[in-house]
Amino acid sequence: MLDTDFFHRWMTVSAALVDREADRLTDLDAAIGDADHGSNMRRGFAAVTKVLAEEGPGTPGAVLTLAGRQLISTVGGASGPLYGTLLRRTGKALGDAPAVSERELAGALAEGVAAVAQLGGAKAGDKTMLDALLPAVEALGTSFDAAREAADTGAVATVPMLARKGRASYLGERSVGHQDPGATSAALLITALAETAGGAA
Ligand code: ADP
Ligand code: MG
C-alpha cells in the first residue's frame, strides 16, 4: 500500500528532479514558447515542498490536494493551473484513505489526467503534457517502471508533432521538430513516481 509518506516523497523527489532539469525545460520552452517553463516549475515545486513540510497533511489525498492548490497559486503560466488540476483532482479521487493501492492510484491519476484534458481542451497528439500523461496512466496498470517508460517515450514522441494548444500552437509548422516542454516535465513527475516506488532511475 502507498501511504502518506509515499506521496510526500513523490512530491519532494519531483521537486528535486524539476530543480535539476529546470534549465533544460526552459531551453525547450525557449524554442517553442516563452522560456519560462523551467522557472515556473521550479518555483511551483519549491513552494509545494515548503507547504507540505509546514502543514504535514495526513492522508495521500490531502498531500496531492494541497500540492495542487499550491501550484495553482504560485505558477502563473498555463502549466500551473493544469498541473494544479492534475494533482488536486487525483487527490480528490483518492478520498481520505490513510493508504491506497497501486491500482487505486492508477484510477485516481486517470481522473486527474482527464481533468487536465477537460480544462485545457487538448487531446492526444496535440503536443502537450497529455502526450506524456495519457500513455503513462495507461501503463501504470502494469507497473511504475512501465509508466515511466511510457511517459519518456510519449515526451520524445512530441518532437515531430504540430502544436495545437498553448503558446507553441501560435508557431504553427515552426513548432515541429522540438520536444514539448510540458510533456518533458510530465515525464519527470512520472519518473519521480517510479523512483519513489523504488524503481531504478
Ligand atoms: P506558458 O505556456 O503559459 O508559458 P509554461 O511554459 O509553464 O506556460 O507551460 C507550457 C506547457 O504547458 C506546454 O509545453 C504544454 O505541455 C502545456 N500546455 C499548454 N497549454 C496546454 C493545454 N491547453 N492543455 C494541456 N497542456 C498544455
Ligand atoms: Mg512558457
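Couple of notes before you dig in:
- The charge dipole of the chain, taken about its Cα centre with unit charges on the Cβ atoms of Lys, Arg (+1), Asp and Glu (-1) only, comes to about 500 debye.
- J(HN,Hα) series, region 15-26, from Karplus relation 6.51 cos²θ - 1.76 cosθ + 1.60, nearest Hz, glycine and proline x: 4, 5, 5, 5, 4, 5, 9, 4, 5, 5, 4, 5
- Sorted ascending by nearby beta carbons within 10 Å, beginning with the fewest, 45, 6 become 6, 45.
- The order of 178, 37, going from fewest to most other C-beta atoms within 10 Å of their C-beta, is 178, 37.
- Legend: ranking of residues 190, 72, 32 from fewest to most surrounding C-beta atoms inside 10 Å; resulting order 72, 32, 190.
- Inter-part distance where region 161-201 and region 43-94 are each reduced to a Cα centre, Å: 19
- Backbone HN-Hα couplings from phi across region 186-197 [Karplus 6.51/-1.76/1.60, Hz, Gly and Pro as x]: 4, 5, 5, 5, 6, 4, 4, 5, 5, 5, 5, 6
- Ranking 49, 135, 121 by how far each Cα lies toward the positive end of the dipole of the chain (charges on Cβ) leaves 121 at the top.
- In order along region 98-111, the phi-based Karplus estimate (6.51 cos²θ - 1.76 cosθ + 1.60, θ = phi - 60°) of 3J(HN,Hα) comes to x, 7, 10, 7, 4, 5, 5, 4, 4, x, 5, 5, 4, 5 Hz; Gly and Pro are listed as x.
- Nearest-0.05 FRET efficiency for residue 102 and residue 55, computed from C-beta distance (R0 25 Å): 0.45
- When only alpha carbons of the chain are considered, Rg and Dmax amount to 15.4, 48 Å.
- For residue 121, net neighbour charge (Lys/Arg +1, Asp/Glu -1) across residues whose Cβ lies under 11 Å away: +2
- Over the residues of the chain, the helix contribution to mean residue ellipticity at 222 nm works out to -23000 deg cm²/dmol, using -39500 (n - 2.57) for each DSSP H run of at least 4.
- With the convex hull drawn over the C-alpha atoms of region 94-148, the volume per residue is 74 Å³.
Each reported figure results from applying straightforward, stated rules to the coordinates on display, with no laboratory input. Note that the structure is a prediction, hence the values are computed from the model and not measured. Ideal geometry is used to build each Cβ from the backbone, glycine not excepted, and the neighbour counts take in all protein chains shown.
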